[in-house]
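> Mind having a look at this structure? Questions to follow.
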């Protein structure tokens with residue numbers, strides 16, 4: 001199963017991100033969505049789960065949770081926007097993956113058997129950081145993560 005990962009769109013859903021996410025079985029948006037239309041456009045590609053970022057305000061964002069737990073095949077995924085808040089929220093004991101955003105820095109790391117994935121920012125460029133998205137490939141209880149830097153048309 002392919003889980004497309006996107007974060008920090010800040011209201012901008014780039015066609016390059018849409019192209020990468022096409023073919024996902026599920027899309028997970030790790031916050032700072034920016035506006036409801038981003039989620040609506042992603043829903044045209046695959047079912048969407050999202051968590052609220054620190055910049056997601058207003059009526060459209062009220063129903064979006066700050067954290068979420070997803071089970072994809074046999075892999076439990078914990079989603080949160082800002083990884084620095086992991087100490088505040090209870091990560092399920094059976095979680096194998098944490099997906100976050102906020103820093104705009106793409107990252108895949110593993111610590112103490114937990115896979116941490118930040119797909120980076122797919123929205124407006126911040127400083128010299130790349131524009132990126134990611135994916136999880138899940139088969140049974142096995143999971144692999146990948147980050148893809150997007151080639152942005154001028």
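> Under a plain spin-label model, where a point goes 7 Å from the Cα along Cα-to-Cβ, how far apart in nm are residue 125 and residue 12?
It is 0.9 nm.
> OK, next. For the chain, how big is the tail of P(r) above 23 Å, as a whole percent of Cα pairs?
28
> Using label points projected 7 Å from each Cα along Cα→Cβ, tell me how many nm separate residue 141 and residue 112, to one decimal.
A separation of 2.0 nm, rounded to one decimal place.
> Suppose the chain between residue 69 and residue 151 were pulled fully straight at 0.36 nm per residue; how much longer would it get relative to their current alpha carbon spacing?
Answer, rounded to one decimal: 26.4 nm.
> Take every Cα pair under 8 Å in the chain that's 6+ residues apart, average their separations, divide by the length, and report that relative contact order as a whole percent.
25
> Moving to a separate point now. With the cut-off at 1.5 for a/c, could you classify segment 1-77 from its C-alpha gyration tensor as rounded, prolate or oblate?
oblate
> So for the pair residue 57, residue 105, with labels modelled 7 Å out along Cα→Cβ, what separation do we get in nm?
That separation, rounded to one decimal, is 2.7 nm.
> So how do 19, 49, 35 line up by other beta-carbon neighbours within 10 Å, fewest first?
The fewest-first ordering by Cβ neighbours comes to 19, 35, 49.
> Between residue 86 and residue 1, what FRET efficiency follows from the Cβ-Cβ distance if R0 is 22 Å, with the result rounded to 0.05?
Using R0 = 22 Å, I get an efficiency of 0.35.
The numbers here are math on the coordinates, done by the rules we state, and not lab data. All values derive from a computational prediction rather than experimental measurement. All Cβ positions, even for glycine, are placed from backbone atoms using ideal geometry, and neighbour counts span all protein chains on display.
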